[in-house]
Amino acid sequence: MRPLLVKEFAKELAQSLLAAFLLSLTLLTGYFARAGFVFLIGAVAVLGTDASYWIWYGFPTDYTLAVVTIELVER
């Protein structure tokens with residue numbers, strides 16, 4: 001179990017650092033503008049993966065909505 005947790009931590013750390021880097025390239029100054037920008041980065045990632053699983057592999061709609069909600073709230 002430990003190797004999986006380490007890999008997951010490394011993935012989420014890389015995602016966070018990439019989001020911070022992209023945010024540093026913007027001219028956004030307000031908290032909500034910056035938070036919205038990072039939220040949209042997460043939304044694009046979710047749509048790029050989980051929506052495809054729902055469309056192509058027939059993942060259940062309830063599962064897909066739950067995963068999308070978790071991913072968007074987690075970020």
Restricting attention to the range 56-63, does a residue exist that is within 23 Å of S16 (Cα to Cα) and either among the charged types (D, E, K, R) or surrounded by 13 or more Cβ atoms within 10 Å (Cβ to Cβ) (or both)? no
Checking the conditions here, which among E71, E12, E8 is touching a residue at least 24 places away in the same chain (Cβ under 8 Å) and either of a type in the set (D, E) or in contact with a strand residue (DSSP E or B) (Cβ under 6 Å, 6 or more places away or on another chain) (or both)? E71
Kindly list, by first and then second residue, each pair from a residue in the range 25-40 that is touching a residue at least 12 places away in the same chain (Cβ under 8 Å) to a residue that is open to solvent by less than 100 Å² (accessible area, probe 1.4 Å) and not in a helix (DSSP H, G or I), limited to pairs with Cβ atoms under 6 Å and residues at least 6 apart or on different chains. F37/L28
From the residues in the range 64-75 that are over 9 Å from the mean Cα position of the chain (by Cα) and surrounded by 13 or more Cβ atoms within 10 Å (Cβ to Cβ), which one is nearest to A20 (Cα to Cα)? V67
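For the range 19-38, give me each residue that is open to solvent by 100 Å² or more (accessible area, probe 1.4 Å) and part of a helix (DSSP H, G or I). Let's see the steps before the verdict.
Just the residues of the range 19-38 that are open to solvent by 100 Å² or more (accessible area, probe 1.4 Å), to begin with: 21, 25, 27, 29, 31-32.
Matches in the range 19-38: F21, Y31, F32.
The values are calculated or read from the model by the stated rules, or taken from the named source; none is laboratory data. Nothing here was measured: the structure is a model prediction, and the numbers come from that model. Glycine gets a Cβ as well: all are built from the backbone with ideal geometry, and neighbour counts include every protein chain shown. The area values use the complete protein model at the heavy-atom level, side chains included, leaving out ligands, DNA and RNA. Shrake-Rupley method; radii C 1.70, N 1.55, O 1.52, S 1.80 Å.
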